[in-house]
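Okay, so here's the structure we're looking at.
The values are calculated or read from the model by the stated rules, or taken from the named source; none is laboratory data. Bear in mind that the values here come from a model prediction, so they are computed numbers and not experimental data. As a convention, Cβ positions derive from the backbone with ideal geometry for all residues, glycine included, and neighbour counts pool all protein chains shown. Ligands, DNA and RNA are stripped out before the accessible areas are found, and what is left, the full protein with its side chains, is counted by its heavy atoms. Shrake-Rupley method; radii C 1.70, N 1.55, O 1.52, S 1.80 Å.
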2 protein chains.
Amino acid sequence: MAAALALSWRGRGRTAPNPNVGCVIVRDGRIVSRGWTQPGGRPHAEAMALARVDARGADVYVTLEPCAHASGRGPACADLLVEAAPGRVVVAAGDPDPRTDGAGIEKMRNAGIDVVENVLPGEARRAMAGFFARREKGRPHVTLKLATSLDGQVALPDGTSQWITGPEARAHAHLERALADMVVVGRGTAASDAPTLNVRLDGLGERTPGRAVLTSEYSNFAKLQLRADNPVWQHLASPEAIAGLADTDHVLVEGGAGAAAAFVAADLVDRLVLYRAPILMGSGLSALGDIALDRLDDAHGRWRLLESRTLGKDRLEVYERA
Amino acid sequence: MAAALALSWRGRGRTAPNPNVGCVIVRDGRIVSRGWTQPGGRPHAEAMALARVDARGADVYVTLEPCAHASGRGPACADLLVEAAPGRVVVAAGDPDPRTDGAGIEKMRNAGIDVVENVLPGEARRAMAGFFARREKGRPHVTLKLATSLDGQVALPDGTSQWITGPEARAHAHLERALADMVVVGRGTAASDAPTLNVRLDGLGERTPGRAVLTSEYSNFAKLQLRADNPVWQHLASPEAIAGLADTDHVLVEGGAGAAAAFVAADLVDRLVLYRAPILMGSGLSALGDIALDRLDDAHGRWRLLESRTLGKDRLEVYERA
């Protein structure tokens, strides 16, 4: 299942509104085929994996319950699996889509396939976080990225931020972009950093996500005009407007401090990715603007540390909603 | 040697201007006696350990080269060891005191004792950091403590900081106090938090260090009057004035942001102890005031991560001068 989950992450940011599923087929203890949801949502992971081998009697690991509903773009994966007749299907998480929601499992069991459920469901929900957020909250999953000094500054008083973190942390931040459908920034960042909001990693350049700019009054930065002839920007009147972004299940908020604070204040951040350089900066620009926090008690209990490690000379910490 | 180093830390903060040495005596692979420099500097670690057992033929581990010079307060440890006639003496770090500086080793070798040098010298220098800072830099070793949110804030805009970190991190901060000879704060913190600058840990209450207040213009806080009838405060006109503090080898700078920044700007911080709570605070008081940093390049290469772990719900990171 860990291998299937790794494949799931491959599709993240490119499959919305379809879930980024991963699938492996195992025979005699060896992986004989792999699949993951392809860009645009088709083929599905199971279809891709099944197309490559005869799965009769084999074990199939899939990160999401196979879909029970055929569409104009392809047959139902549960039907494909019944036809392929593996001996066992191991599923990480159920599909909350009302057209499936247990019906995929049932189809397979009715066909005599041994189905095992709930294997690493938490990891599956993390890998397909945007799909679940859409289903359960009616909005994309939101990651907030902050790159700071040890004392929490994101720029010198004159705005200089190149470079606080080192090349390894910056490469990781580009990978985070590649895993998002949409990058959101504030107006100041949109005006000053627009050309750099791409994915500068070998082989992943085509994965640059869409771009949206938060045009609300939350921005701490100067209200700079965006070039009207720039066709790629979507405009968000508020953080909540992300719910209306088409084909967007994973949003990455990149700053500045005003946009970051707006998403935090709206309680719309699901995951924090913190890069921290081993430097002290003193006075400068803090990572977050005002989030209208009146009592410290209200700040506690919201975040749980998921990952903590070294990236070059910097530290990476990932927190998720507690 | 690891056991001797642990004993060395026991004396830290209470032995200045004597080094906080640790010593264990091993026979047949078992520790048969232990010693550490006692409060005020005497007895020395070796004298304490040797007083308890017959060390003839045994192995002695000591974190600092045994002193070669007798004083009115006791005999030279090297002479005590020659008299005790262990088979081997293992030494972590040499004593830079010109009255010893190799002479202790030589005395023992001349007496036929097998002497092994340089076993965990870096750890020994960390444990007795104040002693080495005094000898090599003519000033105490300085630890700066910061307790912040994930976004680097130390208080809400109204000054509220109770509580950002949890009880485990606060207990650890009290342990840091117990390991210091002197706590230094800015004028604002001195005026508002003076009663709380003690060691509130069971069994360590008597280890509350001395207190000094930085009265220079660096403080970001209001220039509040200290009570003139408070006899315990020493006054520092500048961070550099710590060099003149008597019997002070280990200084802990506790804040506020102005005092912290003054020590960073003066390049007088040797060790950073960061407590970080899993909360976001947004606008508030940043951990550090202005440190006159003009270029980001100048901030890099100064700090090396030594320790990173969880304390309750918080993270502890310890950095040392690179």
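For A:Glu168, the distances from its label point to the matching points in the remaining copies are 2.6 nm, ordered from shortest, with each point set 7 Å beyond Cα toward Cβ. For the stretch B:21-66, trypsin sites (Lys or Arg not before Pro) meeting the loop criterion (DSSP other than H, G, I, E, B) and having at most 13 other Cβ atoms within 10 Å: B:Arg52, B:Arg56.
Cross-link partners of A:Lys313 among aspartates and glutamates, defined as those whose alpha carbon lies under 12 angstrom from its own and excluding same-chain residues fewer than eight positions apart: A:Glu168. Label points 7 Å out from Cα along the Cβ direction at B:Gln234 and A:Ala6: separation in nm? For the pair B:Gln234/A:Ala6, the computed spacing is 5.8 nm.
Taking every DSSP bridge with both residues inside the stretch A:2-133, close to 60 percent are antiparallel.
Any idea what the alpha-carbon Rg over 2.2 N^0.38 Å comes to for the protein assembly as shown?
Ratio of Cα Rg to 2.2 N^0.38 Å: 1.20.
Remark: spin-label model distance B:Val53-A:Asp267 equals 6.2 nm, labels positioned 7 Å along the Cα→Cβ axis. Sorted shortest first, the distances from the A:Pro121 label point to those of the same residue in the other copies are 5.9 nm; each point sits 7 Å from Cα along Cα-to-Cβ. Taking one quarter of the surface of the convex hull spanned by the alpha-carbon atoms of chain A gives a direction-averaged projected area of 17.8 nm².
Please work out the Cα center distance from the stretch B:298-322 to the stretch A:151-180, rounded to the nearest Å. A separation of 19 Å, based on Cα centres. How would you classify the stretch B:139-321 from its alpha-carbon gyration tensor, with a ≥ b ≥ c the square roots of the eigenvalues: rounded for a/c under 1.5, else prolate if a/b is greater than b/c, otherwise oblate? It comes out rounded by the Cα gyration axes. Mean sequence separation of contacting Cα pairs (under 8 Å, at least six apart), scaled by the length of the stretch A:139-321, corresponds to a relative contact order of 35 percent. Normalised size of the stretch A:2-133, defined as Cα radius of gyration per 2.2 N^0.38 Å with N residues, equals 0.91.
With runs of 4+ DSSP H residues as the only contributors, calculate the mean residue ellipticity of chain B at 222 nm using -39,500 (n - 2.57) per run, divided by the residue total and rounded to the nearest 500. Show your work: numbers first, answer last.
Details: 9 runs with 76 residues, N = 322.
Value at 222 nm, helices only, nearest 500: -6500 deg cm²/dmol.
When 1/r is averaged over all different Cα pairs and the result inverted, which Kirkwood radius in Å belongs to the stretch B:229-322? 15.5 Å is the Kirkwood radius here. Name the residue, out of A:Leu280, A:Leu305, A:Leu293, whose mean-square fluctuation peaks in a Gaussian network model built on chain A with Cα pairs under 10 Å. Highest fluctuation of the listed residues: A:Leu293. Computed over protein heavy atoms with a 1.4 Å probe, the accessible surface of chain B works out to 41 Å² per residue. Counting from the shortest, the label point at A:Arg200, 7 Å from Cα toward Cβ, is 5.0 nm from the same position in each remaining copy.
Residue-level result for chain A: its Cβ closest to the axis carrying A onto B, with that distance in Å, is A:Gly152, 1. Under 19 Å of direct C-alpha separation, and excluding same-chain neighbours fewer than eight residues apart, A:Lys107 reaches these aspartates and glutamates: A:Glu46, A:Asp59, A:Glu65, A:Asp79, A:Glu83, A:Asp95, A:Asp97, A:Glu117.
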